[in-house]
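Everything on this sheet refers to the single structure shown next.
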Amino acid sequence: MNCKNTFFLLFSFFTIVGFSQSEKIIAGKILVKNATPGGVHIINLVNEKEVVSNENGEFKILAKVDDLLVFSSLTLDYQRKIIEIEDYNAGFFTMEMTAKINQLEEVEVIRYNKINAVDLGILSKKAKVYTPAERKLKAATSLDPTLNIGNMAGGSMSLDPLLNAISGRTKQLKKELQIERKEFAILKIGDLFPDEYFVSQLKIPKDYVKAFQYYCVEKKDFISVLKSKNKTLIAFKMSELAVEYNMLLNEKK
């Protein structure tokens, strides 16, 4: 590798590092049509901070660039947002959300199990389905033999994996993948158990329901139970974790 390429790689590395910022309080406002923006739970999945929007949809939360925020409400569709450098510098951003559509009383679903690419002969085996975070990680770490960096023994490879390795981009993408999987786990818990269940059955304080769900998905043994799709077993495991969590809350008081 010549001096020009070496300088370019080092310049890219220090440029990216220069964008790192410390946490600070950032204000936000939720915008929504035909529904109230109040009572929305906003969770920073990186530092685990949680706030609730007021009746005007306004809130403040501790965050930094690239932190991932999730927005959840009983009446609004689930949303997520990554804090951009523009949001951080302005100290304010708006978040558009949409009201949930009323569920139909009865829906008949007809499944055509044999209509797929394998049975139609298009593919020899079922194709792997990637989540957005998995696709980003795969793109960042895969070598591309069509793009060259100089003349290397045994072939050539893409410039992107080298830049990603030096800048820490690959590490960040792996972290985002883990966060995404936790998001999906929290959504699955919400589909199985309403918020009222955690308050009435598990005795979790109303303002700590989302935090408790995040506490659960941090436990590897709970994730394995969640994958079993056994609602009774999942409820039993959450009851055990609820005892631990409530004890931690009482210790903080």
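The values are calculated or read from the model by the stated rules, or taken from the named source; none is laboratory data. Here the structure is a predicted model, which is why all the values come from computation and not from measurement. Please note: Cβ atoms are built from the backbone with ideal geometry, for glycine as well, and neighbour counts cover all protein chains shown. For accessibility, only protein heavy atoms count, side chains too; no ligands or nucleic acids. Shrake-Rupley method; radii C 1.70, N 1.55, O 1.52, S 1.80 Å.
The table that follows gives values for the structure above.
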item: Most to least packed among 68-79, 229-240, 48-59 [average Cβ atoms within 10 Å]; result: 68-79, 48-59, 229-240
item: log10 of Debye I(q)/I(0), alpha-carbon scatterers only, for segment 193-253 at 0.19, 0.22, 0.30 Å⁻¹; result: -0.66, -0.88, -1.44
item: Hypothetical label at Asn230: residues of segment 179-209 whose amide nitrogen lies under 19 Å (7 Å Cα-Cβ projection); result: 189, 192-193
item: When each of Lys33/Lys231; Lys64/Lys203; Lys60/Lys206; Lys60/Lys219; Lys188/Lys219 is checked by Cα-Cα distance, pairs over 25 Å; result: Lys33/Lys231; Lys64/Lys203; Lys60/Lys219
item: For peptides 35-45, 214-224, sequence by mean Cβ density within 10 Å, most packed first; result: 35-45, 214-224
item: Heavy-atom accessible area per residue - segment 38-84, 1.4 Å, Å²; result: 44
